[in-house]
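Taken together, the values in this text are just the output of simple stated rules run on the coordinates, not laboratory data. What you see is a predicted model, and the numbers here were worked out from it, not measured in a lab. Heads up, the Cβs are rebuilt from the backbone with ideal geometry, glycines too, and the neighbour counts pull from every protein chain shown.
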Amino acid sequence: MVVKRNTWQREAVREALGTTEGFVSAQTLHAHMRDAGSAVGLATVYRTLADLATEGDADALQQEGESLYRACTPGSHHHHLICRTCGTTVEIAADPVEQWAKDVAAANGFTQPHHVVDVFGYCPDCSTAL
């Protein structure tokens, strides 16, 4: 994995993501940064978020065809429960999934499997409004 060099733009995106609650799209993060006076371009925000996700410094998920990002603890592999209504996200342990991924990979001759598991549903607050 190639780690990108730290530029002021990259650090600005990392800082903005770190101060954002929950998952956010590149466009939304860029709008917040622009409103705060940042001159970082939208293409740089997209590229930096993708790099941060690849490097393990951000969680990424797909929701309705859009990539969403959230700052995370580097090196901590985890999964999420995500509310379909409000976006509340809970990190969860999924040991059976970890073993399943290893077993399926090994049974098919694959090594070093990597996977992403996000479970979508309704949080307790949103469930009562259904």
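Only helices enter this figure: runs of n ≥ 4 DSSP H residues, each worth -39500 (n - 2.57), summed and divided by the residues of the chain, yield -12000 deg cm²/dmol at 222 nm to the nearest 500. May I ask for the angle, rounded to the nearest 10°, between helix 8-18 and the longest principal axis of the chain, with both axes built from Cα atoms and the value confined to 0 to 90°? Compared with the principal axis, the helix lies near 60 degrees. When both the range 40-63 and the range 92-130 are represented by their alpha-carbon centers, they are found 22 Å apart. What spacing in nm lies between the two simple spin-label points modelled at ALA94 and GLU11, each 7 Å away from Cα in the Cβ direction? It is 3.6 nm.
Is the chain best put as rounded, prolate or oblate by its Cα gyration tensor, with a ≥ b ≥ c the root eigenvalues, rounded for a/c under 1.5, and otherwise prolate when a/b is larger than b/c, oblate when not? Note, shape of the chain comes out oblate. Rounded to the nearest 10 degrees, the angle from helix 95-107 to the longest Cα principal axis of the chain is 70 degrees. Overall, the anisotropy analysis places the range 8-71 in the prolate class: the square-rooted eigenvalues a ≥ b ≥ c of its C-alpha gyration tensor yield a/c not less than 1.5, with a/b exceeding b/c. Any chance you could give the angle, 0 to 90 degrees and rounded to 10, that helix 26-35 forms with the longest Cα principal axis of the chain? Roughly 30 degrees, rounded to the nearest 10. Projecting the Cα atoms of VAL116, ALA53, THR128 onto the charge dipole of the chain, computed from C-beta unit charges around the Cα centre, puts ALA53 farthest toward the positive end.
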